[in-house]
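The values are calculated or read from the model by the stated rules, or taken from the named source; none is laboratory data. Computed from a predicted model, the values in this text were never measured in an experiment. Glycine gets a Cβ as well: all are built from the backbone with ideal geometry, and neighbour counts include every protein chain shown. Remember, those area values only see protein heavy atoms, side chains included, never the ligands or the DNA or RNA. Shrake-Rupley method; radii C 1.70, N 1.55, O 1.52, S 1.80 Å.
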Amino acid sequence: MLPVLIHFTFTSLASQLLLYAVALVMVVSIARNGWLGAEGPSSEGRLTRALGYGAVAAGLAFVGLRYALPADAIPGGQGQGIPVHTYGLLLAAGFLTAMSVASRLAQDEWRSMSWVPDAAGGGQWVDTEGPRKREAVLDLGFHVLVGGLVGSRLLFVLVNWKDYARDWTQVFSLGGGLVFYGGLIGAALAAWLFARRHGMDFLRLADVAIPTVSLGQCLGRLGCFSAGCCWGDVAASGARFMARFPGAGLAQDLFGRLSGSASLAFQSQAQDGRFVLPDSGLILHYPVPGAVRISEWVAQHGTTLPVHPTQIYESVGQLVLFCVLLYARRYRRFHGQIFALWLMCYAVLRTTVELFRGDTERGTLHGLLESLGASRLADAVPLEAWYNISTSQFISLCMFTFGATLLYRRIRQSGELPGVGPTPSPA
């Protein structure tokens, strides 16, 4: 586990000016991409698009500068510096990899060869539509990023609404968490609006892009493992697959220096008042011979109890799902088939992994009943019960139902639709 690679601080004037320069370059670069990506020759449309992109980038840059710089360098500065987290790095790598692969798949999907004559009376066959769709998917990446961040943050706040009800200003804190399903819903909505605006078939676009979500999440879950979040339930001491996440006294950065922050798994278990039988991993709400309080065990050992590496489970599952669906694209019969299959397969994968999860903070039926004041009902749904479904399992159930319904309806319509594949056809 390597939660923080390096921590940059900006205490000197030179470092602060350098950070301002980097932020300015990023804003200008994003605004320029908005200008270049605009369709049509209208200068007014290009300018509007560039200003819109630049405004969003400037807002994000301002929030980042306030977080990183001290108060004497920017009003309201927190002086937190910029810690380069392995989680963030792998999450960004997953997003960029997914968008790169999706853009290439889009070019192949919408490939349309046209004969372009030259001045000498000859000519050549040129793909006129594929490159346009590739650029459109790359452009879509910005909308998906914003929609995904907003959706993932919103679902995290809803799941933990009781904590944020005390101070709603913490909703905008950079120290909060994100939820994958919320990001998926937000990104899907952004993609649907983008496809509608640009006259693209959403289901066809989804068939191209959805497998790459698994590719990106494969790397993203490795980031979860490095941060010690989304951890698994306590495993038996002799389990073949297990992991222990360190406390503040053991977590190091890239240069071997103590990071000073404990893993999220350790922080959670350090406050857990339940009891555990270390050899079997059985968790109890009352003491029995051989059982120790979880918080006392982790305080004594400096690490968590051995837990299931659920982050690795899902990472491997996502990689397999990406490869299978990429191969299945060759044999699809209608638009939306790969999208529906992904919804169903990922729902099964996520529900299975959730059975091994141990982070009750992610939201469960037990926690929901407690937050609603139904303590007696909550007692009837113990944290360790198999029927104490999580928020993600409930969403998975809905997602599987939607995917199965979509697949069924498209299969019934397939007799009226031409066969499809990565071949040229209208948007």
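Taking amide hydrogens as placed 1.01 Å from N in the peptide plane, the amide H of H7 sits under 5 Å from those of V84, each at least 5 positions away in sequence or on another chain.
Ordered by solvent-accessible area of protein heavy atoms (1.4 Å probe), largest first, the residues V27, V22 come out as V22, V27. Converting phi to 3J(HN,Hα) with the Karplus coefficients 6.51, -1.76 and 1.60 and the offset θ = phi - 60°, the stretch 180-191 yields 4, 5, x, x, 5, 5, x, 5, 5, 5, 4, 5 Hz in sequence order, with x at every glycine or proline. Dipole magnitude for the chain: about 680 debye, using +1 per Lys or Arg Cβ and -1 per Asp or Glu Cβ, origin at the Cα centre.
Ignoring any ligand, DNA or RNA, what whole percent of the accessible area of the chain comes from carbon and sulfur when the probe is 1.4 angstrom? Numbers along the way, then the final one.
Values: 15020 of 22860 Å².
Solvent-exposed carbon and sulfur of the chain make up 66 percent of the total.
Computed from Cα atoms, the angle from the helix 310-328 axis to the main principal axis of the chain rounds to 20 degrees. Computed over the chain, the range of Cα coordinates on each principal axis works out to 91, 64, 40 Å, biggest value leading.
Compute the angle between helix 43-68 and the longest alpha-carbon principal axis of the chain, please, reported from 0 to 90 degrees and rounded to the nearest 10. Rounded to the nearest ten degrees, it is 20.
How many angstrom lie between the C-alpha centres of the stretch 357-396 and the stretch 288-310? About 22 Å separates the Cα centre of the stretch 357-396 from the one of the stretch 288-310.
Could you quote the convex hull projected area for the stretch 1-80, Cα atoms only and averaged over all directions, in nm²? Write down the numbers at each step before the final one.
Numbers: hull surface 28.1 nm².
Taking the Cα atoms of the stretch 1-80, their convex hull projects to 7.0 nm² on average.
For D127, nonlocal amide neighbours, meaning residues 5 or more places apart or on other chains whose placed amide H falls under 5 Å from its own, are S114.
Listed values for the stretch 273-289 are Karplus-derived 3J(HN,Hα) couplings in whole Hz (6.51 cos²θ - 1.76 cosθ + 1.60, θ = phi - 60°), namely x, 6, 10, 9, 8, x, 5, 9, x, 6, 9, 10, 9, 8, x, 9, x, and x replaces Gly and Pro.
Dipole orientation for the chain: of the candidates V144, A106, C323, A106 has the Cα lying most toward the positive pole (charges on Cβ; Lys, Arg +1; Asp, Glu -1). Of the trypsin sites (Lys or Arg not before Pro) found in the stretch 282-346, the ones in coil according to DSSP and having at most 15 other Cβ atoms within 10 Å of their Cβ are R333. For R357, the residues whose modelled amide H falls within less than 5 Å of its own, excluding neighbours fewer than 5 places apart on the same chain, are D233. Put D379, D201, D139 in order of accessible area, highest first, and with a 1.4 Å probe you get D379, D201, D139.
Our helix-only sum for the chain, with -39,500 (n - 2.57) per DSSP H run of n ≥ 4 divided by its residues, gives a mean residue ellipticity at 222 nm of -18500 deg cm²/dmol.
Rank A93, A374, A248 by mean-square fluctuation in a GNM of the chain with C-alpha springs under 10 angstrom and give only the top-ranked residue. Comparing A93, A374, A248 in a Gaussian network model of the chain, the most mobile one is A374.
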